[in-house]
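Shown next, in structure tokens, is the structure this report addresses.
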Amino acid sequence: MALPEDRRYAATHEWARLRDGEVEVGITETAQQALGDLVFVGDVPVGEHRQANDVAGIVESVKAASEIHAPVAGRITAFNTALSAAPDAINDDAFGTWIFRMEADDADDLAGLMDAEAYARSAGD
């Protein structure tokens, strides 16, 4: 699988990219495939501050529930409300569907995450 080069990756299988001054966050194809058919995405605390690696939401599938982590420190500014009605959008396009946006305390912290090549090695892709 070819990973998008325009974002960074966390060991916990989130992707993050800087877009219009905010960090968009989603889960990787690897995470989506491991979870299976998603039935819920939410519990994202919009307006709250999270440290890097803090829980920032939940994804649930027919198989399991999994936490979504903030890839960098910052304030969560938005949740993709379309996922409330259609969580399976992530199954259809994990790299094209963001879950939440955040205003990073320091956008340069994204550089501390893995690039596509490093993530592919770590995820066994």
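Quick notes on this one:
- Magnitude of the charge dipole, the range 66-113, Cβ model with Lys/Arg +1 and Asp/Glu -1, debye to 20: 160 debye
- With contributions of -39500 (n - 2.57) from each DSSP H run of at least four residues, the per-residue ellipticity at 222 nm computed over the chain stands at -4000 deg cm²/dmol.
- Net charge of the neighbourhood of ASP88, taken over other residues with C-beta under 15 Å away and scored Lys/Arg +1, Asp/Glu -1, is -4.
- For the pair LEU18 and ALA82, label points projected 7 Å from Cα toward Cβ lie 2.5 nm apart.
- Cα Rg, Dmax (largest Cα-Cα span) when computed across the chain, Å: 13.2, 36
- Ordering HIS69, HIS49 from the fewest to the most neighbouring beta carbons within 10 Å gives HIS49, HIS69.
- Between GLU60 and ASP93, the contour length at 0.36 nm per residue exceeds the alpha carbon distance by 10.2 nm.
- Placing +1 on each Lys and Arg Cβ and -1 on each Asp and Glu Cβ, with no other charges, gives the chain a dipole about its Cα centre of roughly 160 debye.
Every number here is computed from the coordinates shown, using simple stated rules; none is lab data. As the structure is a computational prediction, the values presented were derived from the model and not from experiment. Every residue, glycine as well, gets a Cβ built from its backbone with ideal geometry; the counts of neighbours run over all protein chains shown.
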